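Enquirer: Once you've had a glance at the structure underneath, I'll fire off some questions.
Only the coordinates and a few stated rules stand behind these numbers; no lab work does. What you see is a predicted model; the values in this text were computed from it and never measured. For neighbour counting, all protein chains shown are included, and Cβ atoms are generated from backbone atoms with ideal geometry for every residue, glycine included.
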Amino acid sequence: MLKKMLFVFLALVLAFSTYSPSYADISANTKVIINNRIVVFYAPVSNLNGAVLVPAKEFMESLGGTFTYNSDTMTGTTSVGENELKFRLDDSIACFDGKYIQSPAPMKILNYRLMIPAEFTSGKLGAECYMDTRRNTLNVFLPVDGKIIYNVVSGDTLWLVSQLFGTTVSSLKQLNGLTGDTIMVGQRLVIKNSYQFSTVLPAYTTAGATIRSGAGFDFSVPGYLAAWANISIVGKNNDWYKVVTTKGNGYIYYTVVGMKQELAPNTQQSSYFQGEIPVDTSMDTVTYIDYSVQKGDYMWAIAFKFGIPDYELAAVNNMNASTVLYPAQKIKIPMHNIPVKKILSPQYGEILDWFKEAQYIFPMGKTGKLTDIATGKSFMVKRTLGANHSDTETLTAQNSQIMKDIFGGTWNWTRRTFILDIDGRRLAVSVAGMPHAGVDGVPYLQNIDNRSDNYGYGTNYDSISGNGMNGHFDLYFLNCMKHVDNKIDAAHQYNVLSAGGLQ
């Protein structure tokens, strides 16, 4: 009996002595608990160089803060109260209340989510993080009345709670008025008095500055500052710095604030949207059927009939696009099965890779409905041609007018986010609003002058006559390429991900 008790005691000692909070073991199924509430993210958490990355928008909203993303500057802004922390995509230099600082990990896009380092972000915005490796949970707390409050869960002891939060059993007892060692599930424990969160950054005025009582030009003026006056930045509210000065405290507009910087962000923006973006195609399958060549068949016509590229059909049959086919000849036809992908919510669409998936869902000759995400307006379209992306036309003159109105009343190359409804599926796409390379009412594929958008002489790529649109417009799925140079268009890539719920 004594030997058995000794064995149990040694096992407990070993277990407790090896327990230490660590971020090295973070995994996709790690639970994030914010103020004692489990938060379920659309995308799993990740580990990057020991930093826990979490979905920025969902994480910040759970903290009672905000997250916004600027696609032009590739900047994500997190804020709680009157402090802000900015990240640039794929850049490990962050900006806290105007001061550039080193981040343990950059903002990344993973699983179509903008991800930020949880502990770093929390600490800068007034929260505290604790990793519980026993339960594979990341605990995040915003102070309540200056205290960290923890709800006891099953399996907790005072000693284990003290180890998780880096305190002592005696301190926990004193803070909570406990005389014994027993704690109950659901019991609220005061863990510690939170550290006094404050930020004071030295700065100066670059010109004469007006101090406002609030973050806006309409607020009263408690004082003025001359150029080169020393100030202390204690917060930031959009374009306004919250300051403490010898002439009064308040807010100063960002254009007259200077700050010494020891670091600087990278001069080059992220190239993430300029290259191929991975898509999970592991559930896609290809089967084959036999086809007997009919009189008059040729490679392109058969490929068009089955909604596949002619080069794929030729390759499957060890032929080329110009191979002569004979009646009754047997060839194989690849049939692509692309299962429906998970979407965040009904207003978003599936994110499909063009070459591996979307071109089979939206083959030449297929019609669908385009809905502009910003306005909610819809019109009917048809894919008429296109290899690198979908060359697309409206079905009627009324459809053309709706599309033109969506793009501001004039045809232009602006790219907008749309949802393409087809065969009961909602697909994330991007559309450029400029018809080109054709003239309405002229026979399809006939050589003509004055093709739309200054395309000059050449083949008329306008197949739907009388729709009030000269030529066709470009519709992009993820990883489509431009015809002119076979390169990926970064703006279209961003739009497609946005239509698919990128946050």
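Enquirer: Loop only by DSSP, 15 or fewer other Cβ within 10 Å of the Cβ. Give me the GluC sites (Glu not before Pro) in the stretch 255-342 that pass, ordered by residue number.
Expert: Counting only loop positions with at most 15 other Cβ atoms within 10 Å, the GluC sites (Glu not before Pro) in the stretch 255-342 are GLU262, GLU276.
Enquirer: Using Cα pairs under 8 angstrom and six or more residues apart, how large is the relative contact order of the chain, in percent?
Expert: Details: 1085 pairs, mean separation 48.5, N = 503.
For the chain, the relative contact order is 10 percent.
Enquirer: While we're looking at this one, here's another question. What are the ³J(HN,Hα) couplings of the stretch 463-470, residue after residue, when phi is run through the Karplus curve with 6.51, -1.76, 1.60 and θ = phi - 60°? Round to Hz, x for glycine and proline.
Expert: In residue order, the calculated couplings are 9, 9, 7, x, 8, x, 10, 8 Hz.
Enquirer: Sticking with this structure for a sec: If you find the alpha carbon centre of the stretch 39-76 and of the stretch 234-290, how far apart are they in angstrom?
Expert: When both Cα centres are located, 12 Å separates them.
Enquirer: With +1 on each Lys and Arg Cβ and -1 on each Asp and Glu Cβ, how big is the dipole of the chain about its Cα centre, in debye rounded to the nearest 20?
Expert: On the way: 42 positive and 41 negative charges, 272 e Å.
Here the chain has a charge dipole of around 1300 debye.
Enquirer: Tell me which label goes with the value of Cα extents along the principal axes in Å computed from the coordinates here: (1) 94, 80, 36; (2) 69, 48, 48; (3) 96, 66, 58.
Expert: (1)
Enquirer: Enter the Cα centre distance for the pair the stretch 392-436 and the stretch 323-347, rounded to the nearest angstrom.
Expert: 25
Enquirer: Nearest 5 percent is fine: what portion of the DSSP beta bridges confined to the chain is antiparallel? Working shown, then result.
Expert: On the way: 98 of 105 bridges.
Within the chain, antiparallel bridges account for around 95 percent of the total.
Enquirer: Per DSSP helix of 4 or more residues, -39500 (n - 2.57); summed, then divided by the residues of the chain. What does that give at 222 nm, rounded to the nearest 500?
Expert: -4500 deg cm²/dmol
Enquirer: Return the whole-Å distance between the Cα centroid of the stretch 478-502 and the Cα centroid of the stretch 356-381.
Expert: Rounded to whole Å, the Cα centres lie 15 Å apart.
Enquirer: Please tell me which of these pairs span more than 22 angstrom C-alpha to C-alpha: LYS305/LYS377; LYS124/LYS147; LYS342/LYS404; LYS332/LYS487; LYS147/LYS260; LYS99/LYS124?
Expert: LYS305/LYS377; LYS342/LYS404; LYS332/LYS487; LYS147/LYS260
Enquirer: Okay, moving on. Spelling out what I want: for every residue of the stretch 144-154, take phi, set θ = phi - 60°, compute 6.51 cos²θ - 1.76 cosθ + 1.60 (Karplus), and round to whole Hz; glycine and proline get x.
Expert: 10, 6, x, 10, 8, 10, 10, 8, 5, 10, 4
Enquirer: Here's a follow-up. Could you list the chymotrypsin sites (Phe, Trp or Tyr not before Pro) in the stretch 185-231 that lie in coil according to DSSP, counting only those with at most 12 other Cβ atoms within 10 Å of their Cβ?
Expert: Counting only loop positions with at most 12 other Cβ atoms within 10 Å, the chymotrypsin sites (Phe, Trp or Tyr not before Pro) in the stretch 185-231 are TYR195, PHE217, TRP228.
Enquirer: Which of the trypsin sites (Lys or Arg not before Pro) found in the stretch 367-427 are loop residues per DSSP with 14 or fewer other Cβ atoms within 10 Å of their Cβ?
Expert: Passing both the DSSP loop test and the Cβ count: LYS377.
Enquirer: Still on this structure: Residue-wise, which Karplus ³J(HN,Hα) couplings in Hz belong to the stretch 56-69, taking 6.51 cos²θ - 1.76 cosθ + 1.60, θ = phi - 60°, and x for glycine or proline?
Expert: My calculation for the stretch 56-69 gives 4, 5, 5, 5, 5, 5, 5, 7, x, x, 9, 9, 10, 10 Hz in order.
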